Amino acid sequence: MCWLVDVIMDCSFNTAEGRFNFRVGAIILHNDMLLMVRNSRDPYYYSVGGRVKMNESIEAAVIREVFEETRIVYEIDRLAFIHENFFTLHTNGQRYHELSFFFYMKPSNRTNFVGGSFTQDGIEESLEWLPLSDLVNLKVYPQFFASELLKPVAEIKHFVTFE
């Protein structure tokens, strides 16, 4: 069963073993910088994006999520990564199985954003441009961004992470 948000259900549900998330993420680049999200609670950066809603394609979901976080309608360039992520949330110890699809977005000349997005539990998020060369020294999720975005390839790559 998916849970209700804004009257449209996210594809996320609890099981006896933990929580499943169906997620999309955007790779937004500008002048060798990557747009990432951060909040005041978590000590790391994470990709622009969010959960896919019921009856929503992954392409529509990433465009919607990017707009919600940047207030700019970006176009998709191509699918880059599929990520199966198994982790335990540090704030409450809940185990997660997350399936994410990451898309390169077409460049935009807009680099300043209104922002105003919030985490699921109401913490305000901010957008930050991070130099690609510094990702290896920062705590970013997904972690493979630090190496993979420096040497992009045309094919779709699949990653499985167990934390």
### Task
Restrict the check to segment 6-21 and report whether at least one residue is open to solvent by less than 20 Å² (accessible area, probe 1.4 Å), touching an Asp or Glu at 6+ places or on another chain (Cβ under 9 Å) and closer than 18 Å to residue 157 by Cα.
no
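Return yes or no: is residue 163 touching a strand residue (DSSP E or B) at 6+ places or on another chain (Cβ under 9 Å) and open to solvent by less than 70 Å² (accessible area, probe 1.4 Å)?
Working: touching a strand residue (DSSP E or B) at 6+ places or on another chain (Cβ under 9 Å): yes; open to solvent by less than 70 Å² (accessible area, probe 1.4 Å): no.
The answer is no for residue 163.
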### Task
For segment 140-151, enumerate the residues that are of a type outside the set (Phe, Trp, Tyr) and surrounded by 12 or more Cβ atoms within 10 Å (Cβ to Cβ).
140, 142, 143, 146, 148, 149, 150
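Show me the strands (runs of 3 or more DSSP E) entirely contained within segment 35-146 in which 2 or more residues are under 20 Å from residue 20 (Cβ atoms) and of a type in the set (D, E, K, R).
On the way: elements: 45-51, 76-88, 95-105, 125-131.
Where strands (runs of 3 or more DSSP E) fall fully within segment 35-146 and carry at least 2 residues being under 20 Å from residue 20 (Cβ atoms) and of a type in the set (D, E, K, R), they are 95-105.
In segment 30-54, what residues are open to solvent by 60 Å² or more (accessible area, probe 1.4 Å) and over 19 Å from residue 125 (Cα atoms)?
The answer is 31, 32, 54.
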### Message
Need the failing condition index for residue 62 against (1) at pLDDT below 95; (2) within 13 Å of the chain's Cα centre (by Cα), just the number.
### Response
(1)
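Can we say residue 137 is within 30 Å of residue 15 (Cβ to Cβ) and open to solvent by 80 Å² or more (accessible area, probe 1.4 Å)? Spell out how you get there, then give the answer.
On the way: within 30 Å of residue 15 (Cβ to Cβ): no; open to solvent by 80 Å² or more (accessible area, probe 1.4 Å): yes.
When the stated conditions are applied, residue 137 does not pass them.
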### Query
Can we say residue 148 is out of contact with any strand residue (DSSP E or B) (no Cβ under 6 Å at 6 or more places or on another chain) and touching a residue at least 24 places away in the same chain (Cβ under 8 Å)?
yes
### Single residue of 78, 71 found to be surrounded by fewer than 20 Cβ atoms within 10 Å (Cβ to Cβ) and at pLDDT below 95
71
### Message
Go through (1) open to solvent by less than 40 Å² (accessible area, probe 1.4 Å); (2) modelled with pLDDT under 95; (3) not acidic (Asp, Glu) for residue 112 and report which single condition fails.
### Response
(1)
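The values are calculated or read from the model by the stated rules, or taken from the named source; none is laboratory data. This structure is a prediction, so every number in the text was calculated from the model and none was measured. Using ideal geometry, Cβ is built from the backbone for each residue, glycine included, and neighbour counts are taken over all protein chains shown. Just so you know, the surface numbers come from the protein's heavy atoms only, side chains and all, with ligands and any DNA or RNA stripped out. Shrake-Rupley method; radii C 1.70, N 1.55, O 1.52, S 1.80 Å.
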